[in-house]
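Everything on this sheet refers to the single structure shown next.
Read-outs throughout are calculated quantities, based only on the coordinates presented, and are distinct from any laboratory measurement. Bear in mind that the values here come from a model prediction, so they are computed numbers and not experimental data. In this analysis, Cβ positions are derived from the backbone assuming ideal geometry, glycine residues included, and neighbour counts consider all displayed protein chains.
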Amino acid sequence: MLQGQAAIGLSGAEGVEQLRRAIEQVRADLAGKTARLQSAGLTAESGILEAQALMLDDPALVDGVAELMAQGRPADESVASAMAPFAEMLRTSPDPVFQARAADVEDVIDQSRTLADSRTRPRAGARIRH
């Protein structure tokens, strides 16, 4: 995430393209983390990250977010709004396994939202935090 972000966000076609790039970055980050976990023999943990990556392939994510952005809403807000119903559906499930997956959806939301925000709200001279 960038330090010192301005309070301006992109919407519309330019914002959707930024969002697509942010999602690709989250997907790449998850792939790297998954590979490291697998190399360490942590298959259950890597499976969680693989499931998160699959969520990014759901057309409802980009389509839902793109629709909200076309209405003028900023990328980070659109990501949260489009994915919130999925997290809520899992959280309210009677199945504890599905309930636990709500946290995975929320993590994907947070990662996508953070990258969308940092890509659409940079401030001149901002530095990347490592």
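Of all residue pairs spaced 6 or more apart or on separate chains, those with beta-carbon atoms under 6 Å, a first member in segment 52-79 that is on the phi > 0 side of the Ramachandran plot and a second member that is crowded, with 16+ Cβ neighbours inside 10 Å and not aromatic (Phe, Trp, Tyr) are GLY72/SER11. Every listed requirement among (1) surrounded by 18 or more Cβ atoms within 10 Å (Cβ to Cβ); (2) farther than 17 Å from GLN25 by Cβ is met by GLN111 save one, (2).
In this entry, GLY15 passes the filter for residues that are of a type outside the set (S, T, N, Q) and surrounded by 15 or more Cβ atoms within 10 Å (Cβ to Cβ).
Note on segment 26-47: residues that are aliphatic (A, V, I, L, M), surrounded by 15 or more Cβ atoms within 10 Å (Cβ to Cβ) and more than 23 Å from ASP76 (Cα to Cα) amount to 1.
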